[in-house]
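Here the structure comes first, spelled out in structure tokens, and everything after it is commentary.
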Amino acid sequence: MSRARDFADLAGAADAGGITGKNVAINGAMQVNQRGDQSTSAGSNTYFVDRFNVYIQATAAANLTQSTDVPSGQGFAYSAKIDVTTADTSVGASDLGLFRQVFEGQNVQQLAYGTSSAKKLTLSFWVKSSKTGIHIIEFYNSASTARQQSQSYTISAADTWEYKTITIDGDTATAIDNTANAEFYVQWVLYAGSNYTSGTLNTSWNNVTDANRYVGQVNFFDSTSNNMFITGVQLEVGEQATPFDHSESYGETLAKCQRYYWQVAGSGLLVGQGFYFSSSEVDCIVNFPQTMRATPTFTSSNNSGDFGFMNNSDNFDTWTAQQFFDGSRVNVYTISGVSGTAGYSGYIRMLNSTSKIQFDAEL
Amino acid sequence: MNVMNITSAQYVAKDSDNICIKATIDGVEMSVPLAPGNRHYDEIQRQVAAGTLTIQDAD
């Protein structure tokens, strides 16, 4: 590409308000992977590389991993890999598989949806899959009367990295609710049953008609030999796909991800400053590295001696619950298997490789 | 859009006040805050409203 073309593209993107912090998607280079490898759970969302999840409504299943298979020379180190482990060759009417990122409404208000100034939006990404053919991407606004549109792209060659761009018009009819909740979805369809494919593909903003959502989508889950890699996901305001923004550091991306999820896992790590609330209850204030989006769900490992109150050699297996969340910290406590003197304090550590605490404020 | 497999749910109380819900979601026991906007809490409430889930009282 010529330098003149570069400047023309940049000017076009600037006119559309798409230069500064242009990537609305978080972790598009799939660098941050706090949870590690995952497997899908039927009927649920499974988060793996941060901010991305796979939803499967059926018996199909896949392993979800961070891969080092990337398009050559593009500056990426990782991709998200979906590797089919259970095929679904007899697709039920309601079967559905999606790979997606969900956005807080307050982070996409710049699209000005619901006004005559609604902005165009451009999605670009790299994809490599053993499954060629037509694939669908859906843009979904979960307003009280939900809106959506779908666009197709084609994977032309098996097991070959391909660059895709999709530009959609803004929705002048319906605003995106300005909240910290899940309001806007970008969804790569993996497969879908006839409930979603029996109509005509809806390629402009309209109220949701399920039959028109994923028409033409191939069945990525038709063989356990299938896999898909995606990286370089960039969602930018305007009608011009610009080169992926590599200027954001790993630390900046990690901080963005920790608004939605944070964990401490492994032996020897610190949980926080604790104290005996009573002779049979240990409390601990846990400080988050980022203010979380919402009060998080707390999950604790539960194995023999996963945690230890260090001034009293008082080891315990798990935490009972959480309370008093204030955005950037929370009190966790246990009333199981601890014994000490009320008021005594100490630090609390993770003692095993299995020790883990997780705070989940995902969308 | 946030369907989950919730197989049990029970309030956790401290000093007679419910402070969270101990729920088994997708096979994992979680401490779910009583906070709208939390996706697990919102889904518990959706399933309760649909009549497919009951939150047990605290012990």
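Does B:Asp59 satisfy the condition of being outside any loop (DSSP other than H, G, I, E, B), more than 7 Å from every other protein chain (Cβ to nearest Cβ) and either aromatic (Phe, Trp, Tyr) or in contact (Cβ under 8 Å) with a residue 12 or more places away in the chain (or both)?
When the stated conditions are applied, B:Asp59 does not pass them.
Consider A:Asp210 carefully, then state whether it is away from every other protein chain (no Cβ under 14 Å), at pLDDT 95 or above and out of contact with any Ser or Thr (no Cβ under 8 Å at 6 or more places or on another chain).
no
Please enumerate the residues belonging to region A:305-344 that are under 18 Å from A:Ser280 (Cα atoms), loosely packed, with under 15 Cβ neighbours inside 10 Å and in contact (Cβ under 8 Å) with a residue 40 or more places away in the chain.
Answer for region A:305-344, where residues must be under 18 Å from A:Ser280 (Cα atoms), loosely packed, with under 15 Cβ neighbours inside 10 Å and in contact (Cβ under 8 Å) with a residue 40 or more places away in the chain: A:Gly305, A:Ser339, A:Thr341, A:Ala342, A:Gly343.
Within region B:24-56, which residues are free of Cβ contacts under 8 Å to residues at least 24 places away in the same chain, assigned to a helix (DSSP H, G or I) and surrounded by 19 or more Cβ atoms within 10 Å (Cβ to Cβ)?
Scanning region B:24-56 gives a single hit, B:Tyr41.
Within region A:223-294, considering only strands (runs of 3 or more DSSP E) that don't extend past its boundaries, which have at least 1 residues that are touching a helix residue (DSSP H, G or I) at 6+ places or on another chain (Cβ under 8 Å)?
A:227-237
Identify the single condition in (1) buried (at least 18 other Cβ atoms within 10 Å of the Cβ); (2) more than 8 Å from chain A (Cβ to nearest Cβ); (3) within 28 Å of A:Gly97 (Cα to Cα) that B:Ile21 does not satisfy, given that it satisfies every other one.
(3) is the only condition that B:Ile21 fails.
Out of the residues in region A:258-287 that are within 14 Å of chain B (Cβ to nearest Cβ), over 14 Å from A:Glu362 (Cβ atoms) and touching a residue at least 60 places away in the same chain (Cβ under 8 Å), state the one that is farthest from the chain's Cα centre (by Cα).
A:Ser278
Here's a check for you: in region A:105-157, which residue that is of a type in the set (Val, Ile, Thr) and surrounded by 20 or more Cβ atoms within 10 Å (Cβ to Cβ) is nearest to A:Ala180 (Cα to Cα)?
By that ranking, first place goes to A:Val108.
Would you call A:Phe184 in contact with a strand residue (DSSP E or B) (Cβ under 6 Å, 6 or more places away or on another chain), crowded, with 20+ Cβ neighbours inside 10 Å and not in a loop (DSSP other than H, G, I, E, B)?
Criteria met by A:Phe184.
So which pairs qualify, if the first residue must be in region A:41-65 and at the interface with chain B (Cβ under 10 Å from one of its Cβ atoms), the second must be among the charged types (D, E, K, R), the Cβ gap must be under 6 Å, and the two must be at least 6 apart or on different chains?
From residues that are at the interface with chain B (Cβ under 10 Å from one of its Cβ atoms), the pairs are A:Ser41/B:Asp26; A:Ser44/B:Asp26.
If we scan region A:340-363, do we find a residue that is modelled with pLDDT of 95 or more, out of contact with any Leu (no Cβ under 7 Å at 6 or more places or on another chain), within 20 Å of B:Lys14 (Cα to Cα) and aliphatic (A, V, I, L, M)?
Yes.
The values are calculated or read from the model by the stated rules, or taken from the named source; none is laboratory data. Predicted, not measured: the structure shown is a model, and the values here were computed from it. Every residue, glycine as well, gets a Cβ built from its backbone with ideal geometry; the counts of neighbours run over all protein chains shown.
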